[in-house]
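The values are calculated or read from the model by the stated rules, or taken from the named source; none is laboratory data. Keep in mind that what you see is a predicted model, and the values were worked out from it rather than measured. Positions of Cβ are generated from backbone atoms using ideal geometry, with glycine treated the same way; all protein chains shown enter the neighbour counts. These area figures cover heavy atoms from the full protein model, side chains too; ligands, DNA and RNA do not enter into them. Shrake-Rupley method; radii C 1.70, N 1.55, O 1.52, S 1.80 Å.
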Amino acid sequence: MVPDDVRHVLGLPYYAEIARIAERGLMDSIFLADNLAIAGYRVTHLPQTQFDPISVLSALAAVTSHIGLIGTGSTTYAKPWDLARRFATLDHLSGGRAGWNIVTTVTPLAAAAFGEASHPDPAERYVWAHEFTDVVTHLWDAWEDDALVGDRERGVWADRSKVNDPHFHGQFHRVDGILPFPRSPQGRPVLVQAGQSSAGVGLAAKYAELVFSGPPSLEAAVKFRTTLHEQVVKAGRHPDQVLVLPALMVTLGSTEAEAQERARTLEELSSPEFRWQNALYTAGLDPDAFDPDLPLPEPTGSVPSSRAERLYAAARARPEASLREVAQHIEGGAGQTHFVGTPEQLADMIIEWQDAGAVDGFTVMGSTLPYELATFVDQVVPVLQKRGRFRTEYTGSTLREHLTG
Ligand SMILES: Cc1cc2nc3c(=O)[nH]c(=O)nc-3n(C[C@H](O)[C@H](O)[C@H](O)COP(=O)(O)O)c2cc1C
């Protein structure tokens, strides 16, 4: 198989190469998203794998030594004990590099995949998510730090008196039973959250150490971070305990004209059907239920996500326009900010956003991989280092140490 064969995405070497490049660039972590169900249109157009993130990250733990390994886990479709064990396992195997991106799962297609009669509405999913996260942290905390004895002579693995069964009996979850192994290197894997609605921000304020966001502008990013910090304080925590890393799509070129040309070529390669279907799917709506040549009908029930709110608002602003036309102006990925330009210009933008109090860093998404990532590492990171804005070596060994170091 030649390296640029698209089937390459199905093998570990593809992921290993990306992880190694990111680690060469001294980045805090790599992040694997997950949606749990795949819409039919994505089968046709998108060479994505959506492998189980923990399996991939566990394999990557073996081929990297420092970089953090963050994966998505669903509070609606997983069981707390199982999820707690899986992320704690990753934390052990990686020497303390695991992070859990807490999501409630927005796509209603997940319900059918999991044999559920219906997909809960957003308010219910977030109430559920609070309790779920609470149980998971209780499970991680159940083994005290010094419960492990490891004494061969006396034949003692652990001190039973230092292992406290959480006996969690909540409104939705009932968990009796400890995790089968001692506390992982970070104690708790790093908690990450990406919901943008007020309920999503509420969950982040209570638990998250790192927040992925998707602001459409610098002003929106400042506002989001300020609101989040206010909520963090209300939840009894300090704003410094929560880092905000907006998603930033990047298309790079050695000149601005070259970057624009790359962006235009990529845009032309995309299927005309993909954009409107992706706008619906990423908003938690079923693409098969809509006609792209008619205006988007008003919602009949609750709106499934903050992204769907934005899509409906865009449709209301142009009532005559078809869904296809409205979707043309909606970014389909996780974020809404797309940078197109040179490495120098990107370094300038990163510094500008940081200095404006909009971000603590970015979740960089290359419009192609590994090209944009390798270019970022080889040409943007050195500029940031030269300006004293980026580490020149890893000083810690765990993900939490990278975030706070
Ligand atoms: C950078 C970023 C990454 C995300 N990753 C995932 C993911 O892997 N899986 C998922 O189901 N949702 C993901 N989301 C979506 C959010 O977790 C959330 O479900 C969605 O924004 C709907 O919630 P909201 O209405 O509170 O915004 C991501 C969002 C952003 C901005």
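Key figures for this structure:
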{"quantity": "Span from the the range 224-256 Cα centroid across to the the range 11-29 one, whole angstrom", "calculated": "23"}
{"quantity": "Global form of the range 1-130, assessed from the alpha-carbon gyration tensor, a/c cut-off 1.5", "calculated": "oblate"}
{"quantity": "Using a Förster distance of 30 Å, the FRET efficiency for ASP159-ALA62 (Cβ separation, nearest 0.05)", "calculated": "0.45"}
{"quantity": "Of every Cα-Cα pair in the range 261-327, the percent that sits beyond 15 Å", "calculated": "53"}
{"quantity": "Computed helical MRE - 222 nm, the chain, DSSP H runs ≥ 4 contributing -39500 (n - 2.57), nearest 500", "calculated": "-12500 deg cm²/dmol"}
{"quantity": "On Cα atoms only, tilt of 53-63 relative to the major axis of the chain in degrees", "calculated": "70"}
{"quantity": "Under 21 Å, Cα to Cα: Lys pairs in the chain, sequence gap 8 or more or different chains", "calculated": "4"}
{"quantity": "With all protein chains modelled, accessible area of TRP128 [1.4 Å, Å²]", "calculated": "80"}
{"quantity": "Cα→Cβ-extended label distance, 7 Å offset, between ALA113 and TYR371, nm", "calculated": "2.9"}
{"quantity": "Rounded if a/c under 1.5, otherwise prolate or oblate - the range 255-405, Cα gyration tensor axes", "calculated": "prolate"}
{"quantity": "Carbon + sulfur, % of accessible area of the chain - ligands and nucleic acids excluded, 1.4 Å", "calculated": "54"}
{"quantity": "Net length gained if the chain between ASP5 and GLU309 were fully extended (0.36 nm per residue, minus Cα distance)", "calculated": "105.6 nm"}
{"quantity": "Whole-number accessible area per residue in Å² for the chain, which is evaluated in the context of all protein chains at 1.4 Å", "calculated": "47"}
{"quantity": "For a label point 7 Å along the Cα-to-beta-carbon line of ASP378, residues of the range 252-276 with backbone N under 13 Å", "calculated": "253-254"}
{"quantity": "Reciprocal of mean inverse Cα separation for the range 356-405 (Kirkwood radius, Å)", "calculated": "12.5"}
{"quantity": "Inter-label distance, nm, simple model (7 Å from Cα along the C-beta direction), LYS234/THR49", "calculated": "4.2"}
{"quantity": "Label-point separation in nm, ILE38 to GLU258, each point 7 Å along Cα→Cβ", "calculated": "3.4"}
{"quantity": "In degrees, nearest ten, helix 272-282 long axis to first principal axis of the chain (Cα)", "calculated": "40"}
{"quantity": "Rg to Rh quotient for the range 162-212, alpha carbon positions, Kirkwood Rh", "calculated": "1.07"}
{"quantity": "TYR41, TYR371, ranked by accessible area, largest first (probe 1.4 Å)", "calculated": "TYR371, TYR41"}
{"quantity": "FRET E, pair THR226, GLU393, Förster distance 30 Å, beta-carbon r, rounded to 0.05", "calculated": "0.35"}
{"quantity": "Values of log10 I(q)/I(0), in the order q = 0.07, 0.08 Å⁻¹, for the chain under a Debye, Cα-only, solvent-free model", "calculated": "-0.34, -0.45"}
